[in-house]
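Engineer: Quick one: the structure is below, and I'll ask about it shortly.
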Amino acid sequence: MAASRRSPMPPLVTCLLVAALGAVSAPAHAQSGGTDLLKALSGVWQGRGTVRQSPAAAAEPVSCRYEGTLSGEGLALALSYVCLGVEFKFDATGALTFDPASERFDVILTTAAANRRAEGSGKSNGTGIDLDLKGRHPESGAEVTSRFSMSLASADKLVNVLRSADPETGKTFNVLQVTFSR
């Protein structure tokens, strides 16, 4: 998290939000499926949606920018993500890769200002990708997990939802919902 005016968004959640870069509704059952997915995620995307810092918090409007640069013979996507809300700003970088042998996608993300890291993996679910993400709560050190469900509504429209468990209550809630377009 780069800056915050009140109640900063948990740094882990900031890392996890970066992973909400989108996915397509194409299965990843072969190398071409995985590389086609990464190719579809490449480019510059702008999005609007909402973010909640806890289950009891009101949803806040957010504006996001995502850029994905294809590399590694189409098996990797370098990521850059910035999201701005009224009460916060965060940015992160990382990589999303595809392993044809396991048909698995892996992601590693690091926030710029807080230097927090999150890692995850997932597979195509037939309509998009589900990524299971893990990181550490900055105060308690407890492991925090989240799930991103991502789909391509059209060639130019990505819809992303991040669900996470509140580390204090254990209650699962939608942390982020963003629709991107190019």
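Coordinate-derived values only; no laboratory data. What you are looking at is a predicted structure, and each value in this text was computed from that prediction instead of being measured. Note that we place each Cβ from the backbone using ideal geometry, even for glycine, and neighbour counts take in every protein chain shown.
Engineer: Subtract the Cα-Cα distance of residue 50 and residue 174 from 0.36 nm times their separation in residues, and report this length gain in nm to one decimal. Intermediate results must be reported in sequence, preceding the final value.
Structural biologist: Details: separation 124, 0.36 × 124 = 44.64 nm, distance 0.93 nm.
Extra length available between residue 50 and residue 174 comes to 43.7 nm.
Engineer: Sticking with this one: Using +1 at the C-beta of Lys and Arg and -1 at the C-beta of Asp and Glu, which of 176, 86, 43 has the Cα lying farthest in the positive direction of the dipole of the stretch 29-182?
Structural biologist: 86
Engineer: For the stretch 87-182, go through all pairs of different Cα atoms, get the mean of 1/r, take its inverse, and jot down that Kirkwood value in Å. Write out the running numbers ahead of the final one.
Structural biologist: On the way: mean 1/r = 0.0682 Å⁻¹.
Taking the inverse mean of 1/r over all distinct Cα pairs, the stretch 87-182 comes out at 14.7 Å.
Engineer: A follow-up question, please. Any lysines with Cα under 28 Å of the residue 89 Cα? List them, leaving off those in the same chain fewer than 8 positions away.
Structural biologist: Straight-distance partners of residue 89: 39, 134, 157, 171.
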